[in-house]
Amino acid sequence: MGDLKLVERPQNYTLAPESSKQIKANIKVSSTETGVIFGNIVYESSNVLERTVVVLNDIHIDIMDYISPAVCSDAAFRTMWAEFEWENKVAVNTVIQEEKEFLDHIIKSTNMKCLTALSALEGQCGFLAANLYARSVFGEDALVNVSIEKQADAKLSGYIRIRSKTQGIALSLGDKITLKAVDQVNRNLV
């Protein structure tokens with residue numbers, strides 16, 4: 001899953017009884033998205049007529065390994081925002097009750113840079129809007145707009161909109177934000 005390709009298929013090996021073999025495989029990652037590597041071992045033994053399959057644990061590739069905070073001008077951000085066709089809109093689901101604290105949580109969770117001036121984020125006005133930006137090692141841009149409002153019951157509501165040129169990065173960042181929100185809720189239940 002994801003844009004992962006096996007560079008070279010490992011060769012077949014014949015093993016003596018009680019022996020072991022370590023096998024390495026190179027995998028090419030060519031885009032910024034969450035991926036999963038699946039694998040299994042197929043073997044035959046002399047006293048069994050059919051093949052036996054051992055399913056290996058999945059290896060998850062984390063998008064956070066491939067993106068880093070970056071800076072762009074407001075004009076460049078707006079231009080990319082208008083041009084990028086993929087959008088993932090994630091509803092805010094959090095136990096955090098302060099707008100700035102929530103924004104800091106999103107910045108940390110997504111490994112992005114806040115482009116909105118700190119002075120614009122100060123004060124207690126009951127709402128917050130901020131733009132975040134990151135760039136992948138593959139040159140892909142990720143744009144995020146956080147728009148939240150404090151409700152009468154002190155809970156935060158709103159949306160996190162993620163835009164990118166490719167579907168993979170938009171969906172993967174949305175999944176990451178959703179997982180962090182679930183982790184946060186579960187920690188508060190304990």
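The values are calculated or read from the model by the stated rules, or taken from the named source; none is laboratory data. What you see is a predicted model, and the numbers here were worked out from it, not measured in a lab. Don't worry about glycine lacking a Cβ; one is built from the backbone with ideal geometry, like all the others, and counts go over all protein chains shown.
Brief remarks on what is shown
- From the list N111, N131, the one residue that fits, being in contact (Cβ under 8 Å) with a residue 24 or more places away in the chain and either under 15 Å from the mean Cα position of the chain (by Cα) or not assigned by TED's automatic domain parsing to the domain that holds A70 (or both), is N111.
- The number of residues in the stretch 12-27 being surrounded by 10 or more Cβ atoms within 10 Å (Cβ to Cβ) and either modelled with pLDDT under 80 or among the aromatic types (F, W, Y) (or both) comes to 1.
- Boolean, V48 is within 30 Å of Q22 (Cα to Cα) and either part of a helix (DSSP H, G or I) or in contact (Cβ under 8 Å) with a residue 12 or more places away in the chain (or both): no
- Scan of the stretch 76-115 for residues that are at pLDDT 95 or above and assigned to a helix (DSSP H, G or I), ordered by number: A76, F77, R78, T79, M80, W81, A82, E83
- Residue that is surrounded by the fewest Cβ atoms within 10 Å (Cβ to Cβ) [pool: residues in the stretch 44-57 that are among the hydroxyl-bearing types (S, T, Y) and at pLDDT below 80]: S46
- Candidate set from the stretch 134-164 (those that are out of contact with any Phe, Trp or Tyr (no Cβ under 8 Å at 6 or more places or on another chain) and either of a type in the set (D, E) or not assigned by TED's automatic domain parsing to the domain that holds K89 (or both)); member that is nearest to A91 (Cα to Cα): D153
- Picking from residues in the stretch 138-171 that are among the small types (G, A, S) and in contact (Cβ under 8 Å) with a residue 24 or more places away in the chain, the one that is farthest from C125 (Cα to Cα) is G168.
- Applying the set (1) more than 18 Å from D183 (Cα to Cα); (2) among the small types (G, A, S); (3) part of a helix (DSSP H, G or I) to G123 leaves exactly one unmet item: (3).
- For the stretch 58-99, a residue qualifies if it is loosely packed, with under 15 Cβ neighbours inside 10 Å, within 30 Å of Q151 (Cβ to Cβ) and without any contact (Cβ under 8 Å) to a residue 60 or more places away in the chain, and the qualifying residues are D74, R78, Q97, E98.
- Number of positions in the stretch 141-170 that are within 18 Å of I107 (Cα to Cα) and either in a strand (DSSP E or B) or in contact with a helix residue (DSSP H, G or I) (Cβ under 8 Å, 6 or more places away or on another chain) (or both): 19
- Residue within the stretch 132-146 that is hydrophobic (A, V, I, L, M, F, W, C) and at pLDDT below 90 present: yes
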